[in-house]
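Readers should treat all values here as calculations from the given coordinates under stated rules, not as data from a laboratory. Please read these numbers as outputs of a predicted model, since none were measured by experiment. Virtual Cβ from ideal backbone geometry, glycine too; neighbours counted across all protein chains shown.
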Amino acid sequence: MKLQRVVGLLALGGTAVLGYSLAEATWYRLRRVDVPVLRPGTPPLSVLHLSDAHFTAQQRRKVAWVQALARLRPDFVALTGDNFAFGDAMETALEALEPLLRFPGAFVFGSNDYYSAVRKNPLTYLAAFGGSPRTPPLRRPDLPTEAFRGVLTRAGWHDLNNARANVTLGQGGLTVDLTGLADPHLGWDKMPPPASHAAADLVIGLVHAPYRRAVQALVDDAARLVLAGHTHGGQVALPGLGALVSNTDLPLRYARGSHRWPDSDPQAPSYLEVTVGLGTSPYVPVRLAARPEAVLLRLVTS
């Protein structure tokens, strides 16, 4: 009888955790963080960072939540990939982003901007402690990547996949150089040709997956701030302990949040900001202690 009671309690506990994790996956939040990367005397700059939405056509609540972020009136929007799970969800993703396209922005893509989601054993993700880049799937890209890219660029957003751009932002008219990399998780990252940043007030780097080589390459290129997604904050984390995996080659402490780069140096001038993102695989629609988010960064003087 005692064994039956234990088994029953375990089953009840498992059901409760599953129910909570399904609910948490749609419990969106806005995380705010100050990052001291501007020169003294420079007015603050606001950057809205979005990543890993993994939209499906049915996610109307997520669409409305993302649209409402336009009320923040950011100086700049950074989109770091994995925007939609299936081809029929491109219009859903664009519907969500439409109010934000009125602001200056830039983007890089992740693997799920080229390849649709596939059903697979979630334990393969939990086993990915090594975080090695994977080879591209043995199939043709099947998402409408170029159509999506075209809408974003026609709206004035900069395509930073292995590319550079320059923007003037904020009330102070700050000159910001942008450098981006294509998805390191697929091994597609390649630094664009060198450029001088002598006239820039700030250099920002964008990359989907925060692999060590990619983050370091952007920092070596003078980026004071690197924005990334991909990790989902582990997607399933332990309360108080954090992510179980990051799906990159970085230590687990980098799976979410704002960190000096490297964080072993308290005087390091650059920061890596990793968002846990907004979505999940449509086949594993759960989050635990990794609440979905957008991030509003307030860039301030150091």
With n ≥ 4 as the cut-off for DSSP H runs, can you work out [θ] at 222 nm for the chain, using -39500 (n - 2.57) per run divided by the number of residues, rounded to the nearest 500?
-6000 deg cm²/dmol
Please compute one quarter of the surface area of the Cα convex hull for the chain and express it in square nanometres.
16.7 nm²
What length, rounded to one decimal in nm, is gained on full extension from Ala199 through to Arg140, with 0.36 nm per residue of separation minus their alpha-carbon distance?
17.1 nm
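Of all beta bridges DSSP finds with both residues in the chain, what is the antiparallel percent, to the nearest 5?
Given both bridge residues lie in the chain, the antiparallel proportion sits at roughly 35 percent.
Using a cut-off of 9 Å between beta-carbons, work out the net charge of the residues near Phe109 (Lys and Arg +1, Asp and Glu -1, Phe109 not included).
Overall, the nearby charge balance is -3.
Thr92: net charge of surrounding residues, Cβ under 13 Å, Lys/Arg +1, Asp/Glu -1, itself excluded? Please report the intermediate quantities before stating the final value.
On the way: positive: Arg60, Arg61, Lys62; negative: Asp88, Glu91, Glu95, Glu98.
Neighbour charge sum, excluding Thr92 itself: -1.
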Please find the FRET efficiency linking Leu238 to Leu22, where r is the Cβ-Cβ separation and R0 is fixed at 25 Å, and quote it to the nearest 0.05.
0.90
Nitroxide proxy distance, nm - points 7 Å out along Cα→Cβ at Gln58 and Arg298:
4.0 nm
Note on region 242-302: alpha-carbon gyration tensor, axes a ≥ b ≥ c; rule is a/c under 1.5 for rounded, else prolate if a/b larger than b/c, else oblate; result oblate
Inter-part gap, Cα centre of region 45-109 to Cα centre of region 138-194, in whole angstrom, is 15 Å
Please give the length that would be gained between Asp220 and Thr175 if that part of the chain were fully extended, namely 0.36 nm times their separation in residues minus their C-alpha to C-alpha distance (nm, one decimal).
14.3 nm
What does the net charge come to around Leu48 if you take all other residues with beta carbon closer than 14 Å to its beta carbon, with K and R at +1 and D and E at -1?
+4
Rounded to the nearest 0.05, FRET efficiency between Ser264 and Asp88 (Cβ-Cβ, R0 35 Å) equals 0.15
For Val118 and Arg154, FRET efficiency with R0 = 30 Å and r from the beta-carbon atoms, rounded to 0.05?
0.50
